[in-house]
Amino acid sequence: MGSLKPVGAESQESQGSGFFATRADFLINWSRKNSLWPMPLGLSCCGIELMGLLGPKFDLARFGAEAARFTPRQCDLLIVAGTLTWKMAQAARTIYDQMPDPKWVIAMGVCSSSGGMYDSYAVVQGVDSILPVDVYVPGCPPRPDAVIDALLKLQKKIEREDPLGRLVGPTVAPVGEEGTGELVFQPNHGLPKGPWDKHAHDPKSREDLGDPAPRKTEVKP
Amino acid sequence: MSETTPTNAPQAPAGPRWAAALGALPHCISNSPDGAVIEVEVAHLHAVLAALRDKAQFELCTFVTCIDHYPAEPRFALHHQLLSLANNDRVRVRCVLPGESAPTCTDLWPGASYMERECFDMFGVRFEGHRDLRRLLMPEGYEHHPLRKEFPHQGIEPDRLYREWDRKRREGWTEEA
Ligand code: SF4
């Protein structure tokens, strides 16, 4: 069905007393994607753009994701905005673990996507080394428009998820979280529905693509 | 430093204002684009710094840092930059370290503590007498000193401490479950 159609609203008498008929997974995905609560993890300069994004000018409220909370326990969207160092990595992973399921991650800026220009001993070469990332935003820093685009892409991704897999058992085999090499059950694990789901950076399609490409920064002692 | 020298107090031709404070302490004064530099040996470093603070009114230690001249031996040169607020005057004390240890100056300027910790963290210079010589920037438990010249800029196992923490955390989870 995939839509929210009022039933019985055609006639004037039933106005206001009609009901909606839809699919449960569609309804769950619809409500999830339109009320993402971001956890802003502003680590450096990208955090400034994130403030602009949450402010009135770019107005993330139009997409239902303006309720930024500074406690991970009330959030379901982690926006990693900035340069993540290895010293900070434990804190970032703890924040991610404290967020209740289901949860998604946006890596904002090249620093959090790949380490960016900081090809150095202190910087995590992409937060996907420690967290599963859903959407990467290029740019240094990305304009707030780019993050809005990432949010819309994430909403499209949430639309394709399988929220009932938690109740009836996973419909696809759980895959390891990127960077940990362990099998972790992801309750909001997506069903691959087409070739767009097979992306080299998407940890959820890793099984089909084989081993990840070697990192650009191999450690030479 | 000519732009910071007060115009009503021209430098005396007999040498800088603070030269007398050093007295008989062995040192050698040179001029760099950044102002006067006093070269001392490590044995006299603390005495020179104390004399500059007490007799020449250098109330402020702007920074303590180190330069690695690898592969030259001895490789580390310690730099103390001092500022006199009373006289609007700066001086730098340079000291080539024969080994990897130096006397602390936190008893003269307690604020130098963080700079000495950073210097220890980045270069591995041990400050004798420092009360709390821990790493400042790199995580506790890291073994290397990243600003040494032989350190590769991509690091040596930069993720080791995180991975160890992560493994412990996951083992803790499975025990509870
Ligand atoms: S991507 Fe650019 S703007 Fe963003 S944190 Fe990195 S350096 Fe700063």
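Taking the chain by itself as reference, the stretch A:101-137 contains these residues with an accessible-area loss of 10 Å² or more in the full protein complex (1.4 Å probe, heavy atoms): A:D119, A:S120, A:Y121, A:S129, A:I130.
Pairs exceeding a 27 Å alpha-carbon distance, out of A:K33/A:K57; A:K157/B:K168; A:K87/B:K149: A:K157/B:K168. Per-residue mean of foreign Cβ neighbours for B:157-167 is 5 (Cβ atoms of other chains, 10 Å radius). Tell me, what is the FRET efficiency for A:F26 and A:Q90 to the nearest 0.05, using R0 = 45 angstrom and their Cβ-Cβ distance as r? Once the sixth-power term is evaluated, E becomes 0.75.
Remark: the Cα gyration tensor places the stretch B:19-165 in the prolate category, a/c being 1.5 or greater and a/b exceeding b/c. For the peptides A:57-70, B:79-92, A:89-102, the ranking by mean Cβ contacts within 10 Å, running from highest to lowest, is B:79-92, A:89-102, A:57-70. Distances between placed amide hydrogens fall under 5 Å for B:S101 paired with B:R126, all partners being 5 or more residues away or on another chain. For the pair B:R135 and B:N88, the difference between a 0.36 nm per residue extended length and the Cα-Cα distance amounts to 13.6 nm.
When accessible surface is computed with a 1.4 Å probe, chains B and A are found to bury approximately 1800 Å² between them, both chains counted.
Residues A:S113, B:S30, ordered by accessible area of protein heavy atoms at a 1.4 angstrom probe radius and largest first, appear as B:S30, A:S113. As a rough guide to protection, the peptides B:136-145, B:39-48 ranked by mean Cβ packing within 10 Å, highest first, stand as B:39-48, B:136-145. With the whole protein complex present, A:K87 retains an accessible surface near 100 Å², based on a 1.4 Å probe.
Mean separation of Cα pairs under 8 Å and 6 or more residues apart, divided by the residue count, gives chain B a relative contact order of 16 percent. When the solvent-accessible area of the stretch B:19-165 is split by element, carbon and sulfur atoms take up 54 percent of it, the probe being 1.4 Å. Potential lengthening of the chain between A:C140 and A:Q74 amounts to 20.9 nm, from the contour at 0.36 nm per residue minus the alpha-carbon distance. Other protein chain C-beta atoms within 10 Å of residue C-beta, averaged over B:136-146: 2. Each of B:A51, B:P26, B:V64 was placed along the dipole of the stretch B:20-73 (beta-carbon charges, centred on the mean Cα), and the one lying farthest toward the positive end is B:A51.
Reported to the nearest whole Å, the Cα centre-to-centre distance from the stretch A:133-156 to the stretch A:35-71 is 12.
The values are calculated or read from the model by the stated rules, or taken from the named source; none is laboratory data. Here the structure is a predicted model, which means the values were calculated and not measured. Cβ: placed from backbone, ideal geometry, glycine included. Neighbour counts: every protein chain shown. Accessible surface is based on the protein model in full, side chains and every heavy atom, while ligands, DNA and RNA are left aside. Shrake-Rupley method; radii C 1.70, N 1.55, O 1.52, S 1.80 Å.
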